[in-house]
């Protein structure tokens, strides 16, 4: 989301702002980066994030969170409903927080995610509370972040390079990117870079693009084939039980207004100033920039 080729998101010429808490956590972040070497061997971060089969409590603010992804033998239909028995067994992540961390106000609407895997796919699901579900983008690989969206970031070998970003809006329109390195390191990406065989689904508990009712939430599902992720993974695909990948999730939320019976984005009602949208994430980044892979969460793959 926040940084794209040629600088910041076109919104707006915004500079990346430090959180008021960033100075407080900078030392911890530097220690994590120094200890990492290559991301998946960052034992310090692993020790300071509590891995359980589901919801996670961070021992220290802005230290990457952890999640244990269950291996499943259950069949999953990727329709956005997240109602299969396999999903019931998977626990939700902790509720998302502001991208800069817990020192910022809690998000207005709750967001949580789940992860599963089998021998063919990596599965991600999320539930986004939302009284007004709307979307405008219908062309695949258009700029989905101009709508409210849900975003998945995947760095399989944890080296901060060759990572994937996948965005989805409430109309089930997807954008796929591959970035060879973060933009701050001079990186760019293949835009688009479709993951062959990828599946997505969206379910709306309410009515999308209908200002006349109040919605409850929308849920999303992704199935990422190991065979496609393997192209740039730099590690085993599918993973072995016990392997850890770097993954994070982001939700972009804009204000809205209703004009002639239709939703329109109204950035002034959300962030204000140079931050026209809210950015809510699973593992806090410390600043308004998703492209800091060393701050992404650790996902550990369970035994089959």
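Taking the Cα centroid of segment 283-304 and of segment 115-191, what is the distance between the two, rounded to the nearest whole Å? After rounding, the separation between the Cα centres reads 14 Å. Need one word for segment 79-166: rounded, prolate or oblate. Basis is the Cα gyration tensor (sqrt eigenvalues a ≥ b ≥ c); a/c below 1.5 gives rounded, then a/b vs b/c decides. In terms of gyration-tensor shape, rounded.
Consider all pairwise Cα distances in segment 171-304 and report the whole-number % of them above 24 Å. The share of Cα pairs beyond 24 Å in segment 171-304 comes to 46 percent.
Read the figures in this text as sums done on the coordinates, not as results from a lab. Since the model is a prediction, treat every value here as computed from it, not as a measurement.
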